[in-house]
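The structure appears below as structure tokens.
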Amino acid sequence: MGNLHRKYGAYLKKKGYRVQVADFTHPERSMHYNPMVSVRSTQDILKLTTILIDADEGCKADPYWDKSAEILLSAIMGYMVETKYTPCDFRSVLELLRAKNPDS
């Protein structure tokens with residue numbers, strides 16, 4: 001589970017919120033929300049990649065890797081949106097990433 005869930009999940013549940021987890025490592029345990037359906041612009045892509053790659057919690061010694069990951073993810077998501085790639089979801093993002101490097 002992610003940092004946000006660990007930090008705030010229990011607190012938000014106590015306040016009456018329904019907390020769901022998006023698990024990209026094990027999608028079968030995820031809530032199955034696809035934020036890609038609401039992406040309409042470059043700004044939406046940048047916001048989503050910033051949320052997904054939490055630069056504050058990443059490689060503090062060398063932020064180059066966090067920024068590189070954001071750029072790569074933004075590029076793949078931008079490609080999917082511009083070409084109307086179907087299905088446009090995170091499983092497809094991973095498939096496109098692995099197509100270049102099957103061992104990753």
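The values are calculated or read from the model by the stated rules, or taken from the named source; none is laboratory data. Just so you know, these numbers come straight off a predicted model, no measurement behind them. Cβ coordinates were reconstructed from backbone atoms using ideal geometry, including for glycine residues, and neighbour counts include every protein chain displayed.
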| Scanning segment 11-56 for residues that are over 16 Å from K67 (Cα atoms) and small (G, A, S), which turns out farthest from the chain's Cα centre (by Cα)? | G16
| field | Matching entry among D23, D66, D44 (being assigned to a helix (DSSP H, G or I), acidic (D, E) and touching a residue at least 12 places away in the same chain (Cβ under 8 Å)) | value | D66
| request: Show the residue pairs that are 6+ apart or on different chains and have beta-carbon atoms under 7 Å apart, the first residue being within segment 84-104 and over 14 Å from L72 (Cα atoms) and assigned to a loop (DSSP other than H, G, I, E, B), the second being polar (S, T, N, Q) and modelled with pLDDT of 85 or more. | output: Y85/S92
| request: Give the residue, chosen from Y33, Y79, Y17, that is part of a loop (DSSP other than H, G, I, E, B), at pLDDT 85 or above and hydroxyl-bearing (S, T, Y). | output: Y17
